[in-house]
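Engineer: Structure in structure tokens, see below.
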Amino acid sequence: MKKCLFIIFIFIFASGAYAQQFKLIGGLNISSYSHEWPGENVATIQNAELLRSPFRNSKTRFLAGIGTEFNLNDKIAIEIDVVYSQRGSTFTFYTAIFDTITEAYYMNGVSLPLLVKTKFLPQPFPYIIGGGEFSIILSHSRKTIVVGESGYSETEENILRYTKRFDLGLVLGIGFEMKILKVAWFLEGRYNLGQRNLFTTDEYDPYPPTIKTSALQIIAGFKI
């Protein structure tokens, strides 16, 4: 929590010193993991590094935050956001006794994207954004649902102890901006590709999985 407050303090300080515009943002996080977290059930996903699609084993959740933007010139701007981000993933597989097992993951955290915004052409043509993102993971849980011949069962588990607390990602996206009633509204699509293996354990495992995140973020907001 202290680290989150420190990030917000730096954001406010930088905004007050340099910002030209504040932004309020919100939207959807369509996210997935490259592999499920180890547990009682056997993982079925192979070649995980090749399956970095946010639509495979995806879970749709929400994000909201604030941002600040200042122009370097009339075509290039720097954007810094502080975002409360909900991510997750869902895996479904089947057992030999005709049970269906669904594992749903819920990860919450605070992200700090640092982006370069490039406008090649004036409005209403789109702009391009790209950069990096640093995230602090605050909570991480797994819900396991078993349905089948053996009946129905549902369990929840806190797996934060098996999760690294920081993540790094690459961000690339496109956006549109227009003024309506003298207010600048924008709509963006961002693809976030996590670069860090988030799985960790204090137990010996000769073949630990590599688990990374990916997300398609659909963001809307306005400048104030």
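Engineer: Quick check: is even one residue across region 60-73 of a type outside the set (A, V, I, L, M) and at pLDDT below 85?
Structural biologist: Within region 60-73 (the criterion being of a type outside the set (A, V, I, L, M) and at pLDDT below 85), the answer is no, since none of the residues qualifies.
Engineer: Considering only region 186-224, state which residues are within 13 Å of the chain's Cα centre (by Cα), surrounded by fewer than 19 Cβ atoms within 10 Å (Cβ to Cβ) and part of a loop (DSSP other than H, G, I, E, B).
Structural biologist: Listed by number, the residues that qualify are 195, 196.
Engineer: Okay, moving on. Against the condition over 28 Å from residue 180 (Cα atoms) and not hydroxyl-bearing (Ser, Thr, Tyr), how does residue 93 come out, does it pass?
Structural biologist: Judged against the criteria, residue 93 is a match.
Engineer: Of everything in region 199-224, what is at pLDDT below 95 and in contact with an Asp or Glu (Cβ under 9 Å, 6 or more places away or on another chain)? Give them in sequence order.
Structural biologist: Scanning region 199-224 gives 209, 210, 211, 212, 213, 223.
The values are calculated or read from the model by the stated rules, or taken from the named source; none is laboratory data. Since we're looking at a predicted model, the values are computed, not measured. So basically every Cβ, Gly included, is an ideal-geometry build from the backbone, and we count neighbours across all protein chains shown.
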